[in-house]
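Here the structure comes first, spelled out in C-alpha cells, and everything after it is commentary.
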Amino acid sequence: MKIDGKAYRTIWPSADGRAVEVIDQTRLPHRFEVLTLHDVEDAARAIERMVVRGAPLIGATAAYGMALAMRADASDAALAAAYERLFGTRPTAVNLRWALDDLRALLRPLPVAARADAAWRRAGEIADEDVEVCRRIGEHGLAVFREVFERKGQGPLRVLTHCNAGWLATVDWGTALAPIYMAHDAGLSVEVWVDETRPRNQGAALTAWELGRHGVPHRVIADNVGGHLMQHGLVDLCIVGTDRTTAQGDVCNKIGTYLKALAAKANGVPFYVALPHTTIDWTVRDGVREIPIEERDAREVTHIQGLDAAGEVVEVRLTPEGSDAANYAFDVTPANLVTGLITDRGVCSASAEGLGTLFPDRAVAS
Ligand code: MRU
C-alpha cells in the first residue's frame, strides 16, 4: 500500500541483504519510523514488543528472523536455538509456528554452508506469498461485499471491524481490510466503523491510520459502541481477522471480538472472518478449551500512549495507583456465531464441513 505516494510493505530486506527493515508499529499513528533488525534477537524482540504484530506479519518476521540467525551461524545448534527463541515470542498467532516449521524443514537437511542463502530466499517467498494470499482474500471478500450491497439496495455499505487486520498486520493488503480496500477502489461506497480496540488500541492507532492514508471513509468508535449501532441498523456487516482458526471453524482473535459476534448474531448482522490458510490450526478443534490465551503486561491496561500538546508521544496513567489490572489479549468466537470464513481459497461456512470443501486434503470429521 502507499504512504504519501510511495509503495511500502511492512517488512523488506535491507539494500545490502544483511538485515531486515520493518515499520515500527509502536510509533504509529503519530510517527512513521522504520526500524532495522540485524539479528535473530532483534527479530524476536520486535515480535514481543509488537513493533510488528498481526498473525501473518508475525509469521513473515519469524521467517526473516531464522534467515538472520543463519547468516550469523548456520549450525544445527544455532538453528534449534533460533527456532526456540522465535517460537516463544507470542503464543497465539499460529502463523508463527507455521513459518518456523517451514524454515526448519527446509534447512535441516541442507549442508550448513547452504543454509543462510536458502533461508533468506524462503523468507522472501513467504513474504511474497502472503501478499498474494491477502490479495485473493480481498477478491473473495469483495464478492461478499457486493452481495450484501445488492441486498441492501443502496449505499453506503457500513462495515464494522475490530483490531487491525489491515496491511500493517500482514505483508501487504491485509485480511479483513483487503476487501474494504478493493471495494473502495472499485467505487463501492464503503464506510468503516473502527473499534478502538483497547488496551493496545490497534483500531484507533493502526486501522484508522491506514484507512485514512488510503482515503477510505471511517469513524473510530469506543469498543462498547458496536452493539448500539447494530441495534439501530447502522452496521451492514462485521469483518475481522483471526490469529488462529480451528479445524471446526472457531476463531481466536483480539479480545472483544467475541462480544461483537454476539451482538451481530442478536441483531441479524452478518459476521465474517477473513483469514489466510496459514492461520488455520488443523491440530485444534475446540478453540475455547484448547487455545492458550496470551496474557500481557497489566501496564497496557493501566497506562495509555498519546500525543501531548507539544507534539511529543507520551504515556500517562489511567487507573488509580494500587489498582491491579488483568490483560487478556485474545478471545475465542465459537463457529456458530460466524456467518462465513473468507479465505484465499474462497468463502466457506465456519465448520469442519465448510473448511473441508476448500481444503479437502486437510479435512477433519465434524
Ligand atoms: O495482538 P495483535 O495486534 O498481534 O493482534 C492482531 C489481531 O488480533 C488481528 O486482528 C489478527 O492478527 C488478524 S491479522 C490479519
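Values quoted throughout were computed directly from the atomic coordinates according to the rules given, and no laboratory measurement underlies them. These numbers were taken from a predicted model, which means no experiment stands behind them. For neighbour counting, all protein chains shown are included, and Cβ atoms are generated from backbone atoms with ideal geometry for every residue, glycine included.
For the stretch 112-117, the Karplus equation 6.51 cos²θ - 1.76 cosθ + 1.60, evaluated at θ = phi - 60°, returns couplings of 3, 5, 9, 5, 4, 5 Hz by residue, with Gly and Pro reported as x. Helix 257-266 and the longest principal axis of the C-alpha atoms of the chain enclose an angle of approximately 30°.
The phi-based Karplus calculation (6.51 cos²θ - 1.76 cosθ + 1.60; θ = phi - 60°) puts the 3J(HN,Hα) values of the stretch 295-302 at 10, 10, 3, 4, 4, 5, 8, 7 Hz, whole numbers, x for Gly and Pro.
Comparing Glu84, Glu312, Glu21 in a Gaussian network model of the chain where C-alpha atoms under 10 Å apart are linked, the largest mean-square fluctuation is found at Glu312.
Modelled label positions at Leu318 and Ile293, each set 7 Å beyond Cα in the direction of Cβ, lie 1.7 nm from each other. Rg/Rh for the stretch 76-155 stands at 1.24; both radii use Cα atoms, and Rh follows the Kirkwood definition.
Taking Cα centre as origin and charging only the Cβ of basic (Lys, Arg, +1) and acidic (Asp, Glu, -1) residues, the dipole magnitude of the chain rounds to 460 debye.
For the stretch 2-129, the relative contact order comes to 22 percent (Cα pairs under 8 Å, sequence separation of at least 6). Adding -39500 (n - 2.57) for every DSSP H run of four residues or longer, then dividing by how many residues the chain holds, sets the calculated 222 nm ellipticity at -12000 deg cm²/dmol. The share of alpha-carbon pairs in the stretch 1-153 lying farther apart than 20 Å comes to 51%. Simple rule: put +1 on each Lys or Arg Cβ and -1 on each Asp or Glu Cβ in the stretch 138-358, find the dipole, and look at Gly226, Thr257, Gly268; the Cα lying farthest toward the positive end is Gly268. The mean of 1/r over all distinct Cα pairs in the chain, once inverted, gives the Kirkwood hydrodynamic radius of 20.8 Å. Using the alpha-carbon atoms, what tilt in degrees (0 to 90, nearest 10) does helix 76-87 show relative to the longest principal axis of the chain? For 76-87 against the chain, the angle is about 20 degrees. A simple packing score, the average count of other Cβ atoms within 10 Å per residue, orders the peptides 32-43, 273-284 as 273-284, 32-43, with the highest score first. Highest-first packing order for the peptide set 235-241, 215-221 is 235-241, 215-221, based on the mean count of other beta carbon atoms within 10 Å.
Computed over the stretch 216-366, the percent of Cα pairs more than 18 Å apart is 64.
Sorting 69-81, 337-349 by average packing, meaning the other beta carbons within 10 Å per residue, from highest down gives 337-349, 69-81. The C-alpha atoms of the stretch 286-366 occupy a region whose extents along the principal axes are 56, 30, 21 Å, arranged from largest to smallest. In order along the stretch 233-247, the phi-based Karplus estimate (6.51 cos²θ - 1.76 cosθ + 1.60, θ = phi - 60°) of 3J(HN,Hα) comes to x, 9, 10, 8, 7, 9, 9, 9, x, 7, 9, 6, 10, 7, 5 Hz; Gly and Pro are listed as x. Which of Gln154, Cys134, Ala74 sits farthest toward the positive end of the charge dipole of the stretch 40-167, with +1 on the Cβ of Lys and Arg and -1 on the Cβ of Asp and Glu? Projecting each Cα onto the dipole axis, the largest value belongs to Gln154. Ranking Gly17, Leu37, Thr333 by Cα position along the charge dipole of the chain, where only Lys, Arg, Asp and Glu carry charges on their C-beta atoms, puts Thr333 farthest toward the positive end.
A simple charge model with +1 on the Cβ of Lys and Arg, -1 on the Cβ of Asp and Glu and nothing else charged puts the dipole of the stretch 249-355 at about 480 debye relative to its Cα centre.
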